[in-house]
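Peer 1: First, the structure itself, so that you have it in front of you.
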Amino acid sequence: MQRYSFSSLLRHTLEGHRGWQPAWQKAEPKDRYDVVVVGAGGHGLATAYYLAKEHGIRNVAVLEKGWLGGGNTGRNTTIIRSNYLYDESAALYDHAVQLWEGLSQELNYNVMFSQRGVMMLAHSEHDSKVAKRHVHANRLNGVDNEWLEPKEAKAFCPPLNIDPAIRYPVVGAALQRRGGTARHDAVAWGYARAASALGVDIVEQCAVEGMELAGDRVVAVRTSKGRIACDRVAVVTAGHTSHVMAMAGLRMPLESVPLQALVSEPVKPIFPCVVMSNTVHAYISQSDKGELVIGAGTDQYVSYSQRGGFPVIEHTLEAIVELFPIFSRMRMLRTWGGIVDVTPDRSPIIGRTPVRGLYVNAGWGTGGFKATPGSGHVFAHTVAHDDPHPIAAPFALERFTTGRLIDEAAAAAVAH
Ligand code: FAD
Ligand code: PYC
């Protein structure tokens, strides 16, 4: 790995970065791979990295129709937590948090993981009962979570308005101290660099446009850069999963809807943690640059437009201003949207499909960024062994025929 001294950094800057070694190699596709990963978001890149690192499968291509990290990975509000209700989910999301805790060292790349605490507000008796149920279930699973009374919530997050007369009064909050945020782009870049160093080909501007089956087995993908033969295909395309899986004749239990976010002008450090209100679909943190990062709810119609409806952010900002009156005069700089793939039970789908050699990792909906390392880790195992990783097994596609759903609508926060 190339290292830079201060004088070489200065020289590179003055020379306009001429001769600067790229973090990952821009590859052109070969004719054949052992595994083709479709989608260079965080999950696809993490999958490729763990395939190479932990399973010795290095003849791997990651094909991306746009630019690396340009999907939901680069569009999300970066909240990380593992306070989900069911045992299966606690295992999956906490596996991810444990990997986050060592990820900068693992990748030798600073992903800026910051465990500043995620506090989820309760605004009614119903909310507080649901939140307390999550607190108890989490603790039984060894996942940290604690109940705070309004004054304790305010002590943890001083800008919070706990006046009981407001429209969404704060009656308490569930706090996961190990939760926090990470830098989304750095996660994609870190995994890309590490995977590329292990021999994985990362091919941008290469859309998968079709799949070739021989009987019930996938044997190749057709792309905008030509046909690529392969033994296995791992689809990790978030909001485009229904479209990609249809190329193999499969219909997915997914709906793709826009989810949007926005950032304010940067200000000095003022907001020390992450706060979410699932009832009003509003969540907020402050980036290291100083911007307030604010997220809204989903639009309630299927769309691939990568932008959301104005009434949705208007509703979110009304709630934010009421909960944090000190932000009422902040100016918002930009908004954007991403297409999220939502399952009926708000849990992901990870595993094999009825087509042999074809695997899918999708349905993370509004909440997959937090799972990136864990998702890639268990999916790589599943693809490498053609057998689900024990943590991934409950999340197989078959649950929609057996009825063993994992209903995380309350924990999924914004996808209900
Ligand atoms: P992506 O990053 O979307 O990667 C999929 C890639 O597949 C894309 O780059 C796409 O271009 C590519 N692709 C699609 N079709 C093809 C094709 N035919 N050929 C080749 N490539 C293709 N999650 C959290 O945990 N915390 C949050 O705070 C949070 N906030 C969010 C806020 C917003 C506004 C949005 C939109 C999402 C949020 N999420 C959050 C959800 C999270 O962003 C996603 O679940 C996660 O990033 C999905 O990662 P991915 O790698 O699976 O998908
Ligand atoms: O899943 O924690 C989450 C989340 C926050 C904002 C969007 N999703």
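Peer 1: I need the full set of residues from region 257-300 which are more than 11 Å from ligand 2 (Cβ to nearest atom), within 17 Å of Arg183 (Cβ to Cβ), in a strand (DSSP E or B) and in contact (Cβ under 8 Å) with a residue 60 or more places away in the chain, in order please.
Peer 2: The answer is Val263, and nothing else.
Peer 1: Glu212 versus (1) without any contact (Cβ under 8 Å) to a residue 60 or more places away in the chain; (2) near ligand 1 (Cβ under 10 Å from one of its atoms): which is the lone unmet condition?
Peer 2: (2)
Peer 1: Just checking, does region 139-147 include any residue being acidic (Asp, Glu) and in contact (Cβ under 8 Å) with a residue 24 or more places away in the chain?
Peer 2: Scanning region 139-147 turns up at least one residue that is acidic (Asp, Glu) and in contact (Cβ under 8 Å) with a residue 24 or more places away in the chain.
Peer 1: Further question: Check region 260-270 and report whether any residue there is of a type outside the set (A, V, I, L, M, F, W, C) and crowded, with 18+ Cβ neighbours inside 10 Å.
Peer 2: Yes, some residue in region 260-270 is of a type outside the set (A, V, I, L, M, F, W, C) and crowded, with 18+ Cβ neighbours inside 10 Å.
Peer 1: Any residue in region 305-315 that is outside any loop (DSSP other than H, G, I, E, B), surrounded by 16 or more Cβ atoms within 10 Å (Cβ to Cβ) and away from ligand 1 (no atom under 16 Å from the Cβ)?
Peer 2: No, region 305-315 has no match at all.
Peer 1: Let me ask another. Check Asn59 against each of (1) farther than 24 Å from Phe271 by Cα; (2) buried (at least 19 other Cβ atoms within 10 Å of the Cβ); (3) touching a residue at least 60 places away in the same chain (Cβ under 8 Å) and name the one condition it does not meet.
Peer 2: (2)
Peer 1: So is Phe324 more than 29 Å from Ala384 (Cβ to Cβ) and either more than 16 Å from ligand 1 (Cβ to nearest atom) or within 22 Å of the chain's Cα centre (by Cα) (or both) or not?
Peer 2: Yes; evaluated as a whole, the condition is true for this residue.
Peer 1: Related question: Among the helices (runs of 4 or more DSSP H) lying completely within region 86-173, list those that include at least 3 residues that are touching a Ser or Thr at 6+ places or on another chain (Cβ under 8 Å).
Peer 2: The qualifying helices (runs of 4 or more DSSP H) are 87-101.
Peer 1: Right, next: Which of the residues that make up region 4-63 are within 15 Å of ligand 1 (Cβ to nearest atom), farther than 13 Å from Ala195 by Cα and among the aromatic types (Phe, Trp, Tyr)?
Peer 2: Matches in region 4-63: Tyr33 only.
Peer 1: Go through the residues of region 168-177 one by one and say whether even a single one is modelled with pLDDT under 95, more than 23 Å from the chain's Cα centre (by Cα) and either surrounded by fewer than 17 Cβ atoms within 10 Å (Cβ to Cβ) or of a type outside the set (Asp, Glu) (or both).
Peer 2: Checked against the condition, which is being modelled with pLDDT under 95, more than 23 Å from the chain's Cα centre (by Cα) and either surrounded by fewer than 17 Cβ atoms within 10 Å (Cβ to Cβ) or of a type outside the set (Asp, Glu) (or both), region 168-177 yields at least one hit.
Peer 1: Then there's this: Can you tell me which residues in region 10-63 are outside any loop (DSSP other than H, G, I, E, B), basic (Lys, Arg) and either touching a His at 6+ places or on another chain (Cβ under 8 Å) or modelled with pLDDT of 90 or more (or both)?
Peer 2: Lys26, Arg32, Lys53 - these are the residues of region 10-63 that are outside any loop (DSSP other than H, G, I, E, B), basic (Lys, Arg) and either touching a His at 6+ places or on another chain (Cβ under 8 Å) or modelled with pLDDT of 90 or more (or both).
Peer 1: Here is a follow-up. Could you look through region 66-92, keep only residues that are more than 23 Å from Val257 (Cα to Cα) and crowded, with 24+ Cβ neighbours inside 10 Å, and pick out the one that is nearest to ligand 1 (Cβ to nearest atom)?
Peer 2: Here the residue is Ser82.
The values are calculated or read from the model by the stated rules, or taken from the named source; none is laboratory data. Owing to the predicted nature of the structure, the values given are computational and were not obtained by experimental measurement. Don't worry about glycine lacking a Cβ; one is built from the backbone with ideal geometry, like all the others, and counts go over all protein chains shown.
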